[in-house]
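Accompanying notes for the structure given below.
Values in this text are rule-based calculations from the coordinates and carry no lab data. Because the structure is a prediction, the values reported are computed rather than measured. Cβ sites come from the backbone with ideal geometry, for glycine too, and all protein chains shown count toward neighbours.
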Amino acid sequence: MSEWAHVLINLIMKRFIADLHIHSCLSPCAELDMTPRRIIDTAVARGIDIIAISDHNSAENLETTMRIAQNKDITVLPAMEITSYEEAHILALFSSVEHAATMQDIVYGSLPKGVNDERYTGYQLIVNEADEIITFNKRLLINATSLSIKDLVDAIHSMGGLAVAGHIDREIFSVISQLGFISDDMAFDALEISCNTEKSRAEAVFKEYARFPWITSSDAHNLQDIGRRTTAFFLEEASFDEIARAFKGDGKIEW
Ligand SMILES: [Zn+2]
Ligand SMILES: [Zn+2]
């Protein structure tokens, strides 16, 4: 790309701060005050432009979150953090709640049968725009699905979604912790580094995966942690399509 093309891109593109991995009170391990309204208010107050709500194996708080965000200066991407058969966490980002709901049907069909025992795992709250509890999700959301990493990536892509290997630097629940490596046939759109690892260290440890775009996110389970790590995207606008373009190399990603 010529120098002028770079100058042009910098003129057209705006810098958006994104935290694409946040758990709501639907995740059993998240705090109960992680309601969609409070997440949105906190993210807006911290100057975050784009967030993704990525609950474990469920998408049932997305609609409420998207509605609350409609009149606010923030973009919410529908997402889920899905646990594969190998016990790796895969972040799935979608262009619409409908696609996330379709993925949720697949995930629900592949979770073990049984009832969540709140005493051990925590409550799984589905809430409305006023922070009131609509119902408790009783599924075993914290468990692994019966879908392989490859099955999940393929299913996410079949819905036009983006598949991100979650927190690859973590010693549990990451593709690398579970398999030891990311194989060539795993068609991830991006890799995520957790807030535990600085970029320079990640670049040294994971240099063999430089072919992927990398992001970092908060993986917030409480309000305090929202935005503790963010990724800057240089995009024409804050949208799923623009993030997808950036992952394909058409746009700058910084953290
Ligand atoms: Zn995770
Ligand atoms: Zn997470």
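Counting residues that are out of contact with any Phe, Trp or Tyr (no Cβ under 8 Å at 6 or more places or on another chain) and away from ligand 2 (no atom under 15 Å from the Cβ), which strands (runs of 3 or more DSSP E) fully inside the range 43-111 reach at least 1?
75-83
Got a sec? Which of 56, 89 is within 16 Å of ligand 1 (Cβ to nearest atom), surrounded by fewer than 24 Cβ atoms within 10 Å (Cβ to Cβ) and within 14 Å of the chain's Cα centre (by Cα)?
On inspection, the qualifying residue turns out to be 56.
For residues that are under 22 Å from residue 192 (Cα atoms) and out of contact with any Ser or Thr (no Cβ under 7 Å at 6 or more places or on another chain), scanning just the range 25-39, find the one that is surrounded by the most Cβ atoms within 10 Å (Cβ to Cβ).
27
Could you give every pair whose Cβ atoms fall below 7 Å, whose first residue belongs to the range 158-169 and is within 17 Å of residue 84 (Cα to Cα), and whose second residue is charged (D, E, K, R) and within 13 Å of ligand 2 (Cβ to nearest atom), counting only separations of at least 6 or pairs across chains?
164/192; 165/192; 166/81; 166/192; 167/192; 167/219; 168/192
Having 2 or more residues that are crowded, with 20+ Cβ neighbours inside 10 Å is the bar; report the helices (runs of 4 or more DSSP H) wholly within the range 147-255 that clear it.
It comes to 149-158, 240-247.
Out of all the residues in the range 22-38, which are closer than 13 Å to residue 127 by Cα and either among the aromatic types (Phe, Trp, Tyr) or out of contact with any helix residue (DSSP H, G or I) (no Cβ under 7 Å at 6 or more places or on another chain) (or both)?
25, 26, 27, 32, 35
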